[in-house]
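Since the structure comes first, as structure tokens, the remarks are kept for the end.
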Ligand SMILES: Cc1ncc(COP(=O)(O)O)c(C=O)c1O
């Protein structure tokens, strides 16, 4: 009976947002929960967070913890783009598709300009073409202000440091600043083996949305600013957005635990390995085709809807990806087990046969 019950338990591959909080993060919250502490980010843990991030990123930076990735993105974009500014991003960018206009709202009206590229990575030539189509002297057009890159991307691919550097060089050459949506930066770090500096400021990124929630935190994200001048007004902007936590120590404690002792890389490595195993297995199932390279923790497949329905009936939970008929996304998290992957693959094989 126990075996039957465990077989009937569903396997949740809808998103890494569905994963529980990592025990190490909960323990850090518990440790932070001793006595009184200064509020609104004046506490010792938030000071320690800044120090540990400076060490990990090998530079002087400023950190502004917030509760959501959308807030981090929208605040960062508002720092880079005036209301009459233009922000270049991939059409699949979370900024453009899933934030209900928050970047436009926080910036007071900046315009998002889509720039294509395979597997949700902005193509360098397409970006150059988009830039040259703009006339910064034409008062009728939005003023090119920023480039936003997602690392890892919304389709589970990863930019190399070289690709980031090339895009950042074009952006800076045209007077734009660069934002990175790092909701899944740790997965990109684990995939490339690069240092945090190599994938961000050393390649030219000016401001980063550092995510932790999808990789084991409870509600902890941050705007990380590498370029000091870009911090101007951000403290008030965060307050105005309702993202200045009075008990910030509990957000900072999560982020500190996340980067200290490389917990973020360990958790992201586990998620990436689970996704790679899933992708390797699915590649061998007749009728299933991988739609994008699996370089982080997300697996995109094309499959007949009968197969997708069969998997769902067998308790495998995942999303159909909008915009394309037979495209599905399966997301592994740090706690997706080998047994779960084996069960999904066994189901897929059985259904395909
Ligand atoms: C690439 C990316 N950026 C940003 C976010 C925003 O995170 P949140 O849902 O915490 O606002 C998400 C969430 O799914 C995401 O996938």
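Taken together, the values in this text are just the output of simple stated rules run on the coordinates, not laboratory data. None of the values given here were measured: they were computed from a predicted structure. Note that we place each Cβ from the backbone using ideal geometry, even for glycine, and neighbour counts take in every protein chain shown.
Some notes on this structure:
- Report note on the peptides 221-231, 285-295: ranked by the mean count of other C-beta atoms within 10 Å, highest first, their order is 221-231, 285-295.
- Once the chain from residue 44 to residue 118 is taken as fully extended at 0.36 nm per residue, the excess over their C-alpha distance is 22.2 nm.
- Spacing of the two label points (7 Å from each Cα toward its C-beta) at residue 54 and residue 335, in nm: 3.5 nm
- Each of 205, 115, 52 has some number of other Cβ atoms within 10 Å of its Cβ, and from fewest to most they run 52, 115, 205.
- Counting DSSP beta bridges with both ends in the chain, the antiparallel % (nearest 5): 50 percent
- Length gained on full extension, residue 342 to residue 289, computed as 0.36 nm times the residue gap minus the Cα-Cα distance: 17.3 nm.
- Three-way shape label, the chain, alpha-carbon gyration tensor, a/c 1.5: oblate
- Near-label residues of the stretch 270-285 by backbone N, under 16 Å of a point 7 Å along Cα→Cβ of residue 10: none
- Sorted ascending by nearby beta carbons within 10 Å, beginning with the fewest, 90, 191 become 191, 90.
- Using a Förster distance of 25 Å, the FRET efficiency for residue 306-residue 18 (Cβ separation, nearest 0.05): 0.50
- Under the simplified labelling scheme, the residue 162-residue 174 pair shows an inter-label distance of 2.3 nm, with each label point 7 Å from Cα along Cα→Cβ.
- Principal-axis tilt of helix 44-57 within the chain, Cα atoms, nearest 10 degrees: 80 degrees
- Rounded if a/c under 1.5, otherwise prolate or oblate - the stretch 79-173, Cα gyration tensor axes: oblate
- Burial ordering of 306, 157, fewest other beta-carbon atoms within 10 Å first: 306, 157
- The slack in the chain from residue 31 to residue 84, taken as 0.36 nm per residue of separation less the alpha-carbon distance, amounts to 14.6 nm.
- Helix 248-259 axis, angle to the chain major axis (alpha carbon atoms, nearest 10°): 60 degrees
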